[in-house]
Amino acid sequence: MARPGVTYQDIAAAAHRIAGEGKNPTIENVRAILGTGSIGTINKYLRQWKETRHSTDTIASQEQLPEALVSVLKGLWVNVVEQASDHITVMEEKHKETLSAVQDTRDKYQKNNHRWQQLFQKWHEEKARLSQERETLEKKLHESQKQAAALSEQHAIALKQLEEKQERIGELHRLHQQTQENLEHYRESAREQRLLDQQSHEQYKQQTQTEIKALQEQFTAQREKTFSLQRQHQSLEQTYIALEKTHEQTQSQLHKLTTQIEESEKAKNEYWHASQHWRNQYQESQTLLNEKITFLVDTQTELKLLSRELSDIKKVLGKENILKKIAALENQSDQFGFKWENAAQIITQIRNELVEIHEHLNSTDPDVTLKLQEEIGDLLHAAFSLCHFCNVDFQETLEKSANKFERRFMAVQALAKERGLDNLHSLPFKELMNFWDKAKETVG
C-alpha cells in the first residue's frame, strides 16, 4: 500500500506550536517539525490555517486581548494536547501488550492456515500451467507431423524428377556415342569451358556449404531451447541430409556427363546441341537445389518467429507475475489489518502523488528521473489499491482500457486517412484533441 500524506490537522498543530514559540510558521519550519510532506500540500493547508488564525485575531482585537497572549495560549493548548496524546499513546501501548498474548496465538494459526492456502494455490496454478504447456506441445507435435508428411511428399517428387533426369542422361549418352568421332577437334575448347564451369560450380558449392553450416549452427541453438523445436530441427536436418545426398548424386551424374562429353567432342554441330541440352539439365538441377535452400531459409525464419513468440510469452508471464505479487501483498496487508478505511482516502493519496510528480517535473535535480520513477510507481500502486478496494480485477481493467484505446486510435487513423494525412506530426495539440473527440463519438 502507498505511504499516506500529511493532513490539515498535522499542519495546523505544527503551525500553532511554532507560533507559541514566538516564531513565524513558514513552510520550511512546518516541514522541519513534521519531517515529511510536499511543498504544495504544506502551502495549501498553511494558507487555510492563516485564514482561520486571522478570524481568531479579529476576535482577540474585539475583546481587546493582546495578540501575544492569544499566541501563548494557543501554544500552551497545543502542548497540553500533545501531552494528552502522549498519555493516551502510553495507555494504548499497555493495552496492546495485554492483547498481544491472545493475538500471538491467533496469528500463529492464521499464518499456518494462510501458508497452507498459499501452498494449495501454488499447486493448483502449477497444475493449470502444466496442462496448458501439455496442450501447446501436443499442438506443436501435430504441426510437426504435418510438416514431416509434406516433406515426404516433396522427397517423393524429387526422386521422381531424379529418375526422369537419369532417363534423359541415358538418352544423351546414346547420342554422344553416335557423335563421338565428329567432336575430336573441339576437345581443347570444351575442356577449357569445362574447367571454367567446374571452378564456378566449386565456388557455388563452397558458398552453399558455408550457408548450410550456418543453418546447422542456428538449428543446434534452437534445439537447445525447447523440446518441440528440437524435434522440428531434427526433422529439418534429416530433410537437409536427404537433399545433400540428392545433390551429391546429381554432382556424380554431372561428373559422368562431363566424362562422356570428353569422349564425344569430335562433331561440332551435334556437340553444340548435346552441350546445350546438358546445360539445361544442370540449370534445372541448380533450380531444384535453390528451391530446397529457400525452403531451409524459410524454415529458419519460422523458427526465429517461434523464438520471438516464446520470448513474448515469457515477457507476458513476467508481467503477470508482478501483478500477482502486488495482489498478494495487498491481500497480506488486508489480513494483517494494514488497509484503507474507504475509497476517499485512496483518492486523496492519488492526488497527493500527482502533486509530488508535478513538483519533480519542474525540478532541476540531477536525480529527477529516479525520483519521478519512484513517485509514478507510488501513483500506480495507489491505483492498484483502489482497484483492490473496489474488488475490480486490475489486469482485466488494463486490458479493457487498452482495447478501448486501440479502437479509438484506429478510428483516428481512419479519419486522418480520409483527410489525406499519413501522420499527425504537423498538427497542433488542439487539432489532435478534435480527432480524438470525433473518434470517441464514432466508436465510443
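Worth pointing out:
- Residue match in the stretch 9-20 (condition: surrounded by fewer than 17 Cβ atoms within 10 Å (Cβ to Cβ) and either at pLDDT below 70 or part of a helix (DSSP H, G or I) (or both)): yes
- Failed item, numbered, when ILE346 is tested on (1) part of a helix (DSSP H, G or I); (2) within 28 Å of the chain's Cα centre (by Cα); (3) of a type in the set (A, V, I, L, M, F, W, C); (4) modelled with pLDDT of 90 or more: (2)
- Considering the conditions (1) exposed (fewer than 14 other Cβ atoms within 10 Å of the Cβ); (2) over 26 Å from ILE39 (Cα atoms), SER363 is excluded by exactly one of them, (2).
- Counted residues, the stretch 11-52 - those being within 20 Å of GLU356 (Cα to Cα), in contact (Cβ under 8 Å) with a residue 24 or more places away in the chain and small (Gly, Ala, Ser): 3
- Residues located in the stretch 349-372, provided they are within 27 Å of the chain's Cα centre (by Cα) and part of a loop (DSSP other than H, G, I, E, B): ASP367
- Top-ranked residue of the stretch 98-133 - restricted to ones that are under 26 Å from GLN335 (Cβ atoms) and of a type in the set (A, V, I, L, M), ranked as nearest to the chain's Cα centre (by Cα): ALA128
- Odd one out for LEU427, checked against (1) in a helix (DSSP H, G or I); (2) free of Cβ contacts under 8 Å to residues at least 60 places away in the same chain; (3) surrounded by 12 or more Cβ atoms within 10 Å (Cβ to Cβ): (1)
- Selected residue (only one of SER38, SER85 is at pLDDT below 75 and among the polar types (S, T, N, Q)): SER85
- Total residues in the stretch 373-419, condition surrounded by 13 or more Cβ atoms within 10 Å (Cβ to Cβ) and not in a helix (DSSP H, G or I): 1
- When the stretch 109-158 is filtered for residues that are outside the structural domain of ILE241 (by TED's automatic domain parsing) and of a type in the set (Gly, Ala, Ser), the ones remaining, listed by number, are ALA128, SER131.
- Test result for VAL443, modelled with pLDDT under 90 and at negative phi: yes
- Every test in (1) modelled with pLDDT under 85; (2) more than 30 Å from GLU330 (Cβ to Cβ); (3) surrounded by 11 or more Cβ atoms within 10 Å (Cβ to Cβ) is passed by THR136 save one, and that test is (1).
The values are calculated or read from the model by the stated rules, or taken from the named source; none is laboratory data. Predicted model only: the values in this text are computed from it and were never measured. Virtual Cβ from ideal backbone geometry, glycine too; neighbours counted across all protein chains shown.
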